[in-house]
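The values are calculated or read from the model by the stated rules, or taken from the named source; none is laboratory data. Here the structure is a predicted model, which is why all the values come from computation and not from measurement. Positions of Cβ are backbone-derived with ideal geometry, glycine not excepted, and every protein chain shown enters the neighbour counts.
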Amino acid sequence: MKGHFLPADRLFSLPAPPSASGGDDGCGLPLPPAIEALRRNGIIAPHHIAAARFWAADYRIGVMGQEDPQLDRTSCGLSHRPLNGRRGSINRYRYIHGIIGYRYERILIAALIHGRPAREETSRVVPATPQHMDGVLALLLDMLTRHYDAMPGHLWEG
């Protein structure tokens, strides 16, 4: 009997093809311009985009106080899920903030929350030549991915 292999069964996986919807990436939300430019140029991989989206969601929910778009709204009565989700977002945000610090967080906020060009904010925070500004954001996204991978389990609650 011949088995059919799934993509995850291969020794390596190819990155997801770029979406035709202009950076939608299957999530329903468009990518910020700085991240879209890095993705289009092949500087960052899909796991960097996922970490960027996750950090932006934690920032919006935990710091800005926005609603969680992934929250199931079908439960009846009072639920502790919204509070637990907000608490989890706050804890993950604090963990990442404690590692990357205020200076590099400003770059993430500018690029992922406000949608400003990365070069504009990066040049204020890190003294570098304009050619290296995209590399600073790519390195920051790589650090973010690694810290999410190493995050302790109790921070994923909520």
Residue count, the range 108-124, condition at pLDDT below 85, within 19 Å of Ile43 (Cβ to Cβ) and in a helix (DSSP H, G or I), comes to 6
Testing Ile90 on (1) at pLDDT 85 or above; (2) in contact with a Pro (Cβ under 6 Å, 6 or more places away or on another chain), one condition comes back false. Which one is that? (2)
Exactly one of Leu38, Leu31 is surrounded by 15 or more Cβ atoms within 10 Å (Cβ to Cβ), modelled with pLDDT of 85 or more and of a type outside the set (Val, Ile, Thr), and that residue is Leu38
